[in-house]
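Scroll down for the structure; my scribbles are underneath it.
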Amino acid sequence: RLVQKSLHDNWQERQANPPGLVGQLAGEGVEQLDAYFSQYLPTVFLALFFPLLCVGFVLPLDWLSGLIFLATAPLIPVFMVLIAQGAERATREQWLGLQRMSAYFKDSFQGLLELRRLGRERQRLERSEALEGDYRRDTLAVLRLTFLSAFALEFLATISTALIAVQIGIRLLRGGIGFEAGFFILLLAPDFYTALRNVGLRYHASAPGLEAAAQIFSL
């Protein structure tokens, strides 16, 4: 009875955590976390402090440009959050598809002799091709959302920078702002929005690592 219970528990453990899944989490799953720690987190800290530092320099020089910075800066994070909600679901589906495919391939290689002995290698190959097609479709969905996010963030940053440039150009012609102050703000504007835009771009690079981390911790 004890042997039966031990075998049953071992079988349940293998069903819940197949060897292919565990190996994939321990290998590629841990590697995916590198983008989160080395790219996403530093970009978040930079996006939190650098725009505030820019506004602190710009407001004493030109209150109108400072107000435009404050009004347009929240637009980029808002759009990033809206797009990230869909990207999170797509990334989860992609990561789960990769896990299923990796676990299936590993189990197939381990049982290759038994599959050939039973004449089931053709069915196994067809199932592998179906899993590969699902993973390809999920990957394309993630890429579509990534390109959409990059376009939206680039568009907002470009429009906001153009707004700063137009109002400074008009006021320079009318003598409403000094050349040195206007030139300094124009140089600062692209970097101001780039710091915010990079958060969205780095988020897509770190999303698979976050999904892998959740499963590693639960395991």
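The values are calculated or read from the model by the stated rules, or taken from the named source; none is laboratory data. The structure presented is a predicted model; accordingly, all values stated were derived computationally and were not measured. For neighbour counting, all protein chains shown are included, and Cβ atoms are generated from backbone atoms with ideal geometry for every residue, glycine included. Heads up: the accessible areas ignore ligands, DNA and RNA and are worked out on the full protein's heavy atoms, side chains in. Shrake-Rupley method; radii C 1.70, N 1.55, O 1.52, S 1.80 Å.
Sort through 26, 35, 47 and tell me the only one that's open to solvent by 40 Å² or more (accessible area, probe 1.4 Å), among the small types (Gly, Ala, Ser) and either within 17 Å of the chain's Cα centre (by Cα) or modelled with pLDDT under 75 (or both).
26
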Given the condition surrounded by 16 or more Cβ atoms within 10 Å (Cβ to Cβ), without any contact (Cβ under 8 Å) to a residue 60 or more places away in the chain and of a type outside the set (A, V, I, L, M, F, W, C), answer yes or no: does some residue in the range 101-118 qualify? yes
Does residue 179 satisfy being among the aromatic types (Phe, Trp, Tyr), modelled with pLDDT of 85 or more and in contact with a helix residue (DSSP H, G or I) (Cβ under 9 Å, 6 or more places away or on another chain)? yes
Go through (1) out of contact with any Leu (no Cβ under 7 Å at 6 or more places or on another chain); (2) over 30 Å from residue 50 (Cβ atoms) and name the single condition residue 100 misses. (1)
When restricted to 209, 182, the only residue within 26 Å of residue 44 (Cβ to Cβ) and open to solvent by less than 40 Å² (accessible area, probe 1.4 Å) is 209
Residue list for the range 163-179, filter: aliphatic (A, V, I, L, M) and free of Cβ contacts under 8 Å to residues at least 60 places away in the same chain: 165, 166, 170, 172, 173
Residue pairs within 6 Å by beta carbon, gap of at least six or interchain, first lying in the range 196-218 and among the acidic types (Asp, Glu), second surrounded by fewer than 23 Cβ atoms within 10 Å (Cβ to Cβ), listed first then second, are 211/92
Hits in the range 52-65 (condition: assigned to a helix (DSSP H, G or I), under 17 Å from residue 170 (Cβ atoms) and either without any contact (Cβ under 8 Å) to a residue 40 or more places away in the chain or charged (D, E, K, R) (or both)): 63
